[in-house]
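Visitor: Got a structure for you, questions after.
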Amino acid sequence: MSDTMLDDTSQAPEKSSDGRIDALFFKSRNVIIAGEINDKLAQRTVTHLLALAEESDDPINVYISSPGGHVESGDMVHDVIKFIRPKVRTIGSGWVASAGALIFVGAASENRYCLPNTRFLLHQPRGGIGGQATDMMIQAEQIRIMTERFYTLFATATGQTREKIEADIGRDFWLTTQEALDYGLVGKVISSVDELGA
């Protein structure tokens, strides 16, 4: 009986500590997107963004380090970044690839930052095609439509021509921080949180 009570008591501080960390993190108005972009990550991220937007109009910082993943999940986060009232600043770290780059450019160009050692990867949407011949034709057409949308989206986000985007992302297109800055993908390379501004 006493052992059980001791066990319960020993667990309480840990739970309380976790709660304080979560509350402190929420108060910081930071959102972290790390790992593969999928529906669960998108739902969690959008829930966090909407909750922060409901709390106040103060800026939100979204830190991204991702190899990419599901395009439509990336679209969901990208669109909500534009949809909510607070200014959203995206900060790349590690690598920002594919659907991760799609989320990254959801922020306005002046609100897109990266840390000094970030790498970026842009490429056309990819997807497996299978099933009956008619289904494969439908899937191929959907990939074509998505690819055309990517050309326009990244041209608008970077200031590059649509033709240049099409030529560049026909294959894997890697950029260093300086190359991403020159390309218009990144607004500013920073090494300190103080450089984010107000």
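The values are calculated or read from the model by the stated rules, or taken from the named source; none is laboratory data. On a predicted model such as this, the values are computed, not experimentally measured, just so you know. Counting neighbours? That spans all protein chains shown, and the Cβs are built from the backbone with ideal geometry, glycine included.
Okay, residues lined up against (1) within 21 Å of ALA97 (Cβ to Cβ); (2) surrounded by 14 or more Cβ atoms within 10 Å (Cβ to Cβ):
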| residue | (1), (2) |
| --- | --- |
| PHE120 | yes, yes |
| THR134 | no, no |
| MET137 | no, no |
| GLN142 | no, no |
| ARG149 | yes, no |
| PHE173 | yes, yes |
| VAL186 | yes, yes |
| SER191 | no, no |
| GLY197 | no, no |
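Visitor: Further question: Between residues in the range 8-33 that are at positive phi and residues that are among the acidic types (Asp, Glu) and modelled with pLDDT of 50 or more, which pairs lie under 9 Å by C-beta distance while being six or more apart or on different chains?
Guide: These pairs meet every condition: ARG29/GLU55; ARG29/ASP58.
Visitor: Of the residues ARG112, ARG149, ARG119, ARG162, which single one is more than 15 Å from the chain's Cα centre (by Cα) and farther than 19 Å from SER73 by Cβ? Walk me through it before giving the result.
Guide: On the way: ARG112 fails: more than 15 Å from the chain's Cα centre (by Cα); ARG149 fails: farther than 19 Å from SER73 by Cβ; ARG119 fails: more than 15 Å from the chain's Cα centre (by Cα).
Exactly one of ARG112, ARG149, ARG119, ARG162 is more than 15 Å from the chain's Cα centre (by Cα) and farther than 19 Å from SER73 by Cβ, namely ARG162.
Visitor: For the range 142-195, enumerate the residues that are among the polar types (S, T, N, Q), assigned to a helix (DSSP H, G or I) and in contact (Cβ under 8 Å) with a residue 24 or more places away in the chain. Even if it seems obvious, please write down each step before you answer.
Guide: Restricting attention to the range 142-195, the residues satisfying the condition of being among the polar types (S, T, N, Q) are 142, 147, 152, 156, 158, 160-161, 176-178, 191-192.
Going one step further and asking which of them are assigned to a helix (DSSP H, G or I), we end up with 142, 147, 152, 156, 158, 177-178.
Those that are among the polar types (S, T, N, Q), assigned to a helix (DSSP H, G or I) and in contact (Cβ under 8 Å) with a residue 24 or more places away in the chain: THR158, THR177.
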